[in-house]
Structures are given as C-alpha cells and as structure tokens.
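Just so you know, all these numbers are worked out from the coordinates, no wet-lab data involved. Note that the coordinates shown come from a computational prediction; the quantities given were computed from them, not determined experimentally. Virtual Cβ from ideal backbone geometry, glycine too; neighbours counted across all protein chains shown.
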Amino acid sequence: MAKRPVDLLFKAFSDETRLRILHLLTRAGELCVCDIMGVLGLPQSKVSRHLAYLRGAGIVQDRKQGLWRRYSLAKPEGGFHKSLIRCLGGCFAEVDVLRRDGEKLARFKARGAAC
C-alpha cells in the first residue's frame, strides 16, 4: 500500500469522533460498528462515515465476519505514521471524554457483544 499524505493523517486526527473511535480500537483491538455505536451513543451512519474516512486514510482496516465488518487499527505505513499513532496513544489518557469512553467500553464488553 502506498504511503498516505501527511495532511490526510492529520485531518483524520482533527475530528473528536474519529479520535474517540481510534481510542476504542486502541483499547479493544477490534470492534464492529454496533459496538462503537453502543459505547459512543452515536448513530450508525455517523460511525460508518468516520470509519470510512479512517480506512481511506490508512489508519483502520476492516475484515468481514459473517454479516458484520470488524474494524481494527491498520499497521502503520511508515515511520511518521507509526510515531504519530504511538504519540496519540500516549495522549489518550489525558483527555476526559476518552477516559470516560474507555470506562464505558469496559462495561460494554463485560455485558457481551452488541451484535
């Protein structure tokens, strides 16, 4: 896969919803749209749109599992991408909304999968 332009990576990180999704994927490893919807309390259309943007930026990948698509972080395409993901991951604990999302994810996963 070709390297993505740097501005595409930064644009992907410039939206709160996309950051929240990335945080969940960092914590959970792999989630489906309904899991993300359940934790973030957002409609399917909004979650899917942001996942499509992140996939287009090369930040997330998906795989089909039966009727569902499962999303996870993609392997970074270069050193800059890898450093940016690592730096971002270190900052997640400092953001209140992301910390709350992480707590909600833990409760959500304890109840079992949404789909």
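Data for the structure
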quantity	calculated
HN-Hα J in Hz across region 20-35 - Karplus 6.51, -1.76, 1.60, θ = phi - 60°, x for Gly and Pro	5, 5, 4, 4, 4, 5, 5, 6, 8, x, 8, 9, 9, 4, 5, 5
Simple spin-label estimate for Arg70 and Arg86 in nanometres, 7 Å along Cα-Cβ	2.7 nm
Mean residue ellipticity (222 nm) of the chain, computed from DSSP H runs ≥ 4 via -39,500 (n - 2.57), nearest 500	-18500 deg cm²/dmol
In Hz, Karplus ³J(HN,Hα) per residue of region 90-104 (6.51, -1.76, 1.60; θ = phi - 60°; x = Gly, Pro)	x, 8, 4, 5, 8, 9, 4, 5, 6, 5, 5, 4, x, 5, 5
Likely footprinting exposure, Leu8, Leu42, fewest C-beta neighbours within 10 Å first	Leu8, Leu42
Cα shape, region 6-109, gyration tensor, a/c 1.5 rule	oblate
Around Gly38: net Lys/Arg minus Asp/Glu count, Cβ-Cβ under 12 Å	+2
Estimated FRET transfer efficiency when R0 is 22 angstrom, pair Ser14-Ser45 (beta carbons, to 0.05)	0.65
Estimated distance in nm for a label pair at Val97 and Ala52, the labels positioned 7 Å out from Cα along Cα-to-Cβ	2.2 nm
For region 36-115, size of Cβ-based charge dipole, Lys and Arg +1, Asp and Glu -1, in debye	340 debye
